[in-house]
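Heads up, the thing below is written out as structure tokens.
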Amino acid sequence: MTEPIIIVEDVHKSYLMGKEAVPALRGVSLEIQPGEFVCLMGPSGSGKTTLLNIVGGLDEASRGHVLIDGENIVSLNENKLATLRLHKMGFIFRTTIYWQISPRKKM
Ligand SMILES: Nc1ncnc2c1ncn2[C@@H]1O[C@H](COP(=O)(O)OP(=O)(O)OP(=O)(O)O)[C@@H](O)[C@H]1O
Ligand SMILES: [Mg+2]
């Protein structure tokens, strides 16, 4: 069997709001196989963006491990994360709404 391309192990994330830690993720674990197409669904505020930012190396987990292609990205510095994003990640942000661009600009 092939190795998962993404492994998320017991990831926690809290945001500091003043002096209070607000939990956004409480122990998320998942595995994604190469070529697998995955949708992350949940109500607003359930932590989808938080998880994607952590898996994409844009934000740090408070606890847990994230392995991309076998490499634990939690311990990587900013430069190594930037290299990882350059070579192994692709992002389409919600604000990048392709179909709102005129046909002339698409060409
Ligand atoms: N930068 C931040 N500072 C403080 N709290 C945050 C921050 N980002 C997210 N949160 C909180 O973390 C929780 C998860 O938010 P997140 O944006 O990940 O949810 P979501 O599932 O992507 O929601 P939506 O469907 O509305 O995009 C929410 O309680 C949110 O208020
Ligand atoms: Mg979101």
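The values are calculated or read from the model by the stated rules, or taken from the named source; none is laboratory data. Remember, predicted model here, so these are calculated numbers, not experimental data. We place every Cβ from the backbone using ideal geometry, glycine too, and count neighbours over all the protein chains shown.
Observations on the model:
- Residue within region 1-10 that is charged (D, E, K, R) and surrounded by fewer than 10 Cβ atoms within 10 Å (Cβ to Cβ) present: no
- Restricting region 16-28 to residues that are more than 10 Å from ligand 1 (Cβ to nearest atom) and in contact (Cβ under 8 Å) with a residue 24 or more places away in the chain, the residue that is surrounded by the most Cβ atoms within 10 Å (Cβ to Cβ): Val28
- Any chance Gly27 is modelled with pLDDT of 95 or more, within 13 Å of ligand 2 (Cβ to nearest atom) and at positive phi: no
- Any hit, region 63-82, residues being without any contact (Cβ under 8 Å) to a residue 24 or more places away in the chain, in a loop (DSSP other than H, G, I, E, B) and more than 15 Å from ligand 1 (Cβ to nearest atom): yes
- Any hit, region 40-59, residues being part of a strand (DSSP E or B) and either away from ligand 2 (no atom under 16 Å from the Cβ) or free of Cβ contacts under 8 Å to residues at least 40 places away in the same chain (or both): no
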